[in-house]
């Protein structure tokens, strides 16, 4: 039977994306036998032409790097959250409209909540790119205190600063040499940098009981996450984010509550292979 409802993850690179595992597991658990979710390689600058070629079977897309800002610009409607963050990872097609949202932010909140984190008093974000902007979106629900961002060059954090202003999140942008001081007293650290980039911080993991969220999931654990775990920190991985942000996408695409545990089981099995 041909699928009557289609979705996919798009970006570059996309080969190793686990999003199809999550979404197809959700469809199976919900009994949506005529739904299918795939993945497509779409380079920077190519999202608009890709979307223009889709037919009426398509219900939505999960958008990864480097297309998240393109996704927001392409939308005819966008959630307040996506607009404030400045990027979208979700496109939903309804009639002639393209609705954009950012599910990374609530996905981060849910992943952190699973390890028992309450309101943070000292939140530190490592990195100032697009994922850091999503972390600032999550900060709205995670802390009432000013957020610190550690970056190599403060002059390259303009987009993160703009996101913080739109989100009304008090932000302090500091260079990496402040890491020993900030990490040593943090109770929530979100590392948004690529694999290997946070290895330099293994000497300055946060105190016992703090939460360390490293958005990397391959390879796992990262040296930073491993050092934090050995120091007694609670650990959240990029796989946890992938799972939780996908639940919001499934609900947006299908109109049904996402089957979290079925999706978690499928993801766990896929990672074991």
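The values are calculated or read from the model by the stated rules, or taken from the named source; none is laboratory data. These numbers were taken from a predicted model, which means no experiment stands behind them. Cβ sites come from the backbone with ideal geometry, for glycine too, and all protein chains shown count toward neighbours.
Per-residue answers, yes or no, for (1) under 22 Å from residue 238 (Cβ atoms); (2) within 21 Å of the chain's Cα centre (by Cα):
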| position | (1), (2) |
| --- | --- |
| 140 | yes, yes |
| 154 | no, no |
| 189 | yes, yes |
| 206 | yes, no |
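Is it the case that residue 120 is surrounded by 16 or more Cβ atoms within 10 Å (Cβ to Cβ), in contact with a helix residue (DSSP H, G or I) (Cβ under 9 Å, 6 or more places away or on another chain) and without any contact (Cβ under 8 Å) to a residue 60 or more places away in the chain? No: the conditions fail for residue 120.
If the condition is being without any contact (Cβ under 8 Å) to a residue 60 or more places away in the chain, within 14 Å of residue 241 (Cβ to Cβ) and in contact with a strand residue (DSSP E or B) (Cβ under 8 Å, 6 or more places away or on another chain), then segment 63-111 contributes 64, 102.
I need the helices (runs of 4 or more DSSP H) fully contained in segment 159-273, keeping only those with at least 1 residues that are more than 23 Å from residue 142 (Cα to Cα) and assigned by TED's automatic domain parsing to the domain that holds residue 64. Please lay out each step first, then the result.
On the way: elements: 179-183, 223-230, 238-254, 260-272.
Here the list reads 238-254, 260-272.
When you look at residue 128, is it within 28 Å of residue 233 (Cβ to Cβ), under 15 Å from the mean Cα position of the chain (by Cα) and not in a helix (DSSP H, G or I), yes or no? When the stated conditions are applied, residue 128 passes them. For segment 1-59, the set of residues classified as at pLDDT below 95 and within 18 Å of residue 243 (Cβ to Cβ) consists of 16 only.
Where strands (runs of 3 or more DSSP E) fall wholly inside segment 17-109, the ranges with 1 or more residues that are over 17 Å from residue 6 (Cβ atoms) are 97-101.
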